[in-house]
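**Q** Dumping the structure here so I can ask a few things about it.
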Amino acid sequence: MANIFIIHGSYGNPEENWFPWLKGELEKLGHRVLVPQFPIPKEQDASYGGHVLGDWFGTFDQYRKFVDEDTMFVSHSRGGVFLFQLFPSFKVSIRATFLVAPWMVYHWYAKGSKKIDSFHEKPFDWEKIKKASRYFEIYQSTNDDTPVSEGEEIARKLGGNITIVENAGHFNVAYDKKYKKFDLLLERLKQK
């Protein structure tokens, strides 16, 4: 069976949203599911967004031994941005990647803001990202702060498939309590 990672987003943790449910469902199928807790700021630092990419890399280093050709990744929000920086370091091409509510730029900052954080200091190397996974699937909502067009652009850059979900917000319980589960995502993972 596969090693499957679930990567949380900004200010997130392994016990929120649909992550515990998905972990349990995948473990019932015999997979090893890894849901790392990445360092998150206690209070948002207005100078750079608070999250430090180097700290996330440091946390992930202990999990690298579980990355092989059968590995799959599922990410939420900033977790996708982390994968955009992580994947170029892979020596193998993994089986599949599922990006839920991914983004490339900060749509929630004031117009004209120059705000950036360490996750964006280095440009994304789309060719290396694409080579790191044999399959990409993107989930974007029609009413998220990140527009559908950005999800479509990510899908285009990665040669991936996009699933547009009506009124799913940011695919989290803060938007809708039903996102303690994510049946569509589970079904697509089972297919891979």
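**Q** Note down the net charge around residue 26, summing +1 for each Lys or Arg and -1 for each Asp or Glu among other residues with Cβ under 11 Å from its Cβ.
**A** Numbers: positive: 23, 28, 32, 190; negative: 25, 27.
Around residue 26, the charge tally is +2.
**Q** Hey, another quick one. Pop the C-beta distance of residue 59 and residue 1 into the FRET formula with R0 = 22 Å and round what comes out to the nearest 0.05. Walk me through the numbers before you get to the answer.
**A** On the way: r = 24 Å, r/R0 = 1.09.
E(calc), rounded to 0.05, equals 0.35.
**Q** Please identify the longest segment of the chain free of exposed GluC sites (Glu not before Pro), where exposed means a DSSP state other than H, G, I, E or B and no more than 11 other Cβ atoms within 10 Å.
**A** 70-120
**Q** Say the dipole of the chain comes from +1 at the beta carbon of Lys and Arg and -1 at that of Asp and Glu; which of 151, 33, 9 then lies farthest toward its positive end?
**A** 33
**Q** What list of ³J(HN,Hα) couplings, whole Hz, do you get for region 87-96 from phi and the Karplus terms 6.51, -1.76, 1.60, once you set θ to phi - 60° and write x for glycine and proline?
**A** 4, x, 8, 6, 9, 10, 9, 6, 5, 7
**Q** Shifting gears a bit: What does the charge add up to near residue 134, with Lys and Arg as +1, Asp and Glu as -1, over the other residues with Cβ less than 11 Å from its Cβ? Intermediate results must be reported in sequence, preceding the final value.
**A** Values: positive: 95, 130, 131, 192; negative: 69, 70.
Spelling it out: positives minus negatives among the neighbours equals +2.
**Q** Right, here's the next one. With each run of n ≥ 4 DSSP H residues scored as -39500 (n - 2.57), what mean residue ellipticity at 222 nm is computed for the chain after dividing by its residue count and rounding to the nearest 500 deg cm²/dmol? Show your work: numbers first, answer last.
**A** Numbers: 6 runs with 53 residues, N = 192.
One gets -7500 deg cm²/dmol as the mean residue ellipticity at 222 nm.
**Q** Further question: What size of dipole, in debye to the nearest 20, comes out for the chain about its Cα centre when the only charges are +1 on Lys and Arg C-beta atoms and -1 on Asp and Glu C-beta atoms? Numbers along the way, then the final one.
**A** On the way: 26 positive and 25 negative charges, 81 e Å.
That gives a dipole near 380 debye.
**Q** Beta carbons within 10 angstrom, averaged per residue: use that to sort the peptides 57-64, 169-176, highest first. Present the calculation step by step, with values, prior to reporting the outcome.
**A** Working: 57-64: 12.9, 169-176: 16.9.
For the peptides 57-64, 169-176, the packing ranking is 169-176, 57-64.
Since every read-out is calculated from the coordinates, none of them should be taken as a lab result. Just so it is clear, the model here is predicted, and its values are computed rather than measured. All Cβ positions, glycine included, derive from the backbone under ideal geometry; neighbour counts span all protein chains shown.
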